[in-house]
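Take a look at the structure below.
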Amino acid sequence: MTEQSRVAALSNVSLERRAWNIRRKALLMGEVQGQGYIGQALGIADVLAASYFHALDYRAEDPEWEGRDRYLLSIGHYAIALYAVLMEAGILPEEELETYGMDDSRMPMSGMASYTPGMEITGGSLGQGLGIAVGMALGLKRKRNPAFVYNLMSDGELGEGSTWEAAMSGAHHKLDNLICLVDFNDQQADGKSTEMLCSEPLGDKWAAFGWHVQRVDGNDLAAVVEAFDAARAADHVGPRVIIFDTTMCKGVPFLEAREITHFVRVEADEWSKALAVLDEGKPA
Amino acid sequence: MTMNSLARKHEPRRVIPKEERAATSAMIASLAAEGYDTVSAPFGHALAEAARKDDRIVGLTADLGKYTDLHIFAQAMPERFYQMGMAEQVLVSAAAGMAREGFLPFATTYAVFAARRAYDFIAMAIAEENLPVKIVCALPGLTTGYGPSHQATEDLAIFRGLPNMTIIDPCDACDIAGMVPQLVAHPGPVYSRLLRGKVPSVLTRHKPDYKFQLGKAQLIREGADVLVVSTGFMTMRALDAAVALERDGIGVAVLHCPTIKPLDTATILAEAGKSGRLVVTAENHTKVGGLGEAVAGTLLSNGVTPSFRMIGLPDDFLEAGALPTLHDMYGLSVAKVAEQIRGWL
Ligand SMILES: Cc1ncc(C[n+]2csc(CCOP(=O)(O)OP(=O)(O)O)c2C)c(N)n1
Ligand SMILES: [Mg+2]
């Protein structure tokens, strides 16, 4: 199947339903380990749904297809979320869901390129993705390959100097094939990003670095889709960034309410409760 | 389980039946205590205690306060705690700056991020100036199943090459609590590995009067057939293996060597020089450039040449998975330590 026929075949499934499926798979994986970066997965599900079912060009049956848009997961700990969407997209087999984080799994807790089809880079040492994305964008231009490079990163990574070296580099080299996606969930390991090392005014910073900037509600699918379209179409001689304000644990209110959401505690009996809450809001 | 490789990622995997599953040990997990009592957050408590007596002490972290037990210090004296955000380079540079202004900074992160990301800053801003910055890092060696991004398998090798640096790999809660005041008293820079969360109490169980001494290796138990020179939590593994081997009539002495640099060469030479014993080093670190090679170099250059073997991690990027599985796979578990020693006799 080509990517075009795939899109046609799947087009009767709404993006809302894709996002819901991603959240559900992530919860099921979390339950397997009894732990995990569930707050992140629930928060970024809408962005991932729009990425893989609206914006990206890829072939599920050939994840290394030369013409694919590159999608880099700089934030290795978000792997649970990417596995969910890779399964939803048919790149990873759903039968392996219960191997998540287990010995000899293709889905380790921190994302690694050598383990997983569809995982472009080994993330996890945070602050490395954008620099690699700059290099891939340069490489694609040299090859006259029209694909885009997307780098999915976190607000925590805005603290790393390497992020801003890469930001300056991407603009200097006029990389209009580079799209950076920032998950601004105002959360890091020790607390709220804005209270620890504040990156605001964030849009102004990227703009001053020479980037085309948008900032949208990352849990509003229509706005997310529009932002992807605008980023690709922008009449701007340089890279593009979309800052997504997201809510940790989105879709499971009793988890959203938890104070510590970076590594949210979910008790054994709460997984089924979380799934039940999610199921109530199942979209068509 | 075989090594993961680019080719293997296309091989489907089977689902492990529920009753056989071992979850990946996340970074919040404490090191399995295996029958030893544990102490909660010994580093955080010891630092708060030391800071009450010395107002030069400040604590800095790069978004890993909770994960290095520094949050205990932060709660005890919030006005002396600096949250630097996830920015390891400015973490250590700023620590250097505070040291220049007369303060005594303890900076914490994970071992990988100090050794890899912040290395140049540590080398030039701290070590070259011989400033009293104490860098204390969680997740040493193979203590997480997250894979190479979080497994600091070569940190000791990296820092051993750095002049002026004192390097410590503590075994247990007693070492950690004991080292803090000695780091404060020590005038130069220090890199120390850290165990955090619920940390086992091991050494005083085997040697009731044990006390950490900076720069000293100490014999924890005697034995006639084998001398294990070990560091970090591998001393715990060596002691447990020694108990197991004793049942087979094999006498294993354990020399605990928490200070990697400067190495206590006098004690090591004296113990290794006692004739007839196989000398085995044991470390939670790659065999390249760690304790094993340091001991080997010391012995050879002093003409002491016992039979010699090394226990440590291979020269490889390690796998992800459950920690007990990985410790078995890479030879760090008690059973594997005992098995290796048996095989060499
Ligand atoms: C270079 C680096 N420093 C520290 C860490 C440890 N760490 C893992 S996740 C994390 C929080 C980073 O912020 P963010 O990604 O925004 O966190 P989240 O939104 O997932 O809570 C930290 C400090 C790391 N993985 N890499
Ligand atoms: Mg965040």
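The values are calculated or read from the model by the stated rules, or taken from the named source; none is laboratory data. It should be emphasised that the depicted structure is a prediction, and the values quoted were computed from it without experimental measurement. Note that each Cβ is placed from the backbone with ideal geometry, even for glycine, and that neighbours are counted across all protein chains shown.
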Test for B:L255: is it surrounded by 22 or more Cβ atoms within 10 Å (Cβ to Cβ), in a loop (DSSP other than H, G, I, E, B), at negative phi and at pLDDT 95 or above:
no
Scanning the stretch B:123-139 for residues that are in contact (Cβ under 8 Å) with a residue 60 or more places away in the chain and closer than 17 Å to B:L162 by Cβ, the one farthest from the other protein chains (Cβ to nearest Cβ) turns out to be B:A127
Listed by first then second residue, the pairs whose first member lies in the stretch A:248-268 and is over 17 Å from A:A81 (Cα atoms), whose partner is modelled with pLDDT under 95 and outside any loop (DSSP other than H, G, I, E, B), with beta carbons under 6 Å and at least 6 positions apart or on separate chains, are none
Across the stretch A:199-234, what is the number of residues that are within 16 Å of ligand 2 (Cβ to nearest atom) and exposed (fewer than 15 other Cβ atoms within 10 Å of the Cβ)?
1
Take A:D104 and tell me if it is buried (at least 20 other Cβ atoms within 10 Å of the Cβ) and under 30 Å from A:E31 (Cα atoms).
no
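Name the residue that is farthest from ligand 2 (Cβ to nearest atom), counting only residues in the stretch A:177-198 that are among the acidic types (D, E) and assigned to a loop (DSSP other than H, G, I, E, B).
In this case the residue turns out to be A:D190.
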Filter the stretch B:94-122 down to the residues that are of a type outside the set (F, W, Y) and at the interface with chain A (Cβ under 10 Å from one of its Cβ atoms), then identify the one that is nearest to ligand 1 (Cβ to nearest atom).
B:R117
Residue list for the stretch A:178-195, restricted to those being surrounded by fewer than 23 Cβ atoms within 10 Å (Cβ to Cβ) and more than 9 Å from ligand 1 (Cβ to nearest atom):
A:G191, A:K192, A:T194, A:E195
So in the stretch A:74-85, with the set limited to residues that are more than 16 Å from A:E16 (Cβ to Cβ) and away from chain B (no Cβ under 12 Å), which one is surrounded by the fewest Cβ atoms within 10 Å (Cβ to Cβ)?
A:Y78
Condition first: touching a helix residue (DSSP H, G or I) at 6+ places or on another chain (Cβ under 6 Å) and facing another protein chain (nearest Cβ under 7 Å). Now tell me which residues in the stretch A:118-127 satisfy that.
A:G124, A:L126
If A:E165 passes every condition in (1) crowded, with 19+ Cβ neighbours inside 10 Å; (2) acidic (D, E); (3) more than 11 Å from ligand 1 (Cβ to nearest atom) but one, which one does it miss?
(1)
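Considering each of B:A157, B:A152, B:A185 in turn, give the residue that is over 16 Å from B:A111 (Cα atoms) and in the same structural domain as B:F106 (by TED's automatic domain parsing).
B:A185
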Under 8 Å between Cβ atoms, which residue pairs at least 6 apart in sequence (or on different chains) link something in the stretch A:145-161 that is within 11 Å of chain B (Cβ to nearest Cβ) and within 15 Å of ligand 2 (Cβ to nearest atom) with a partner that is in a loop (DSSP other than H, G, I, E, B) and of a type in the set (S, T, Y)?
A:S154/A:S74; A:D155/A:S199; A:E157/A:S74; A:L158/A:S199; A:G159/A:S199
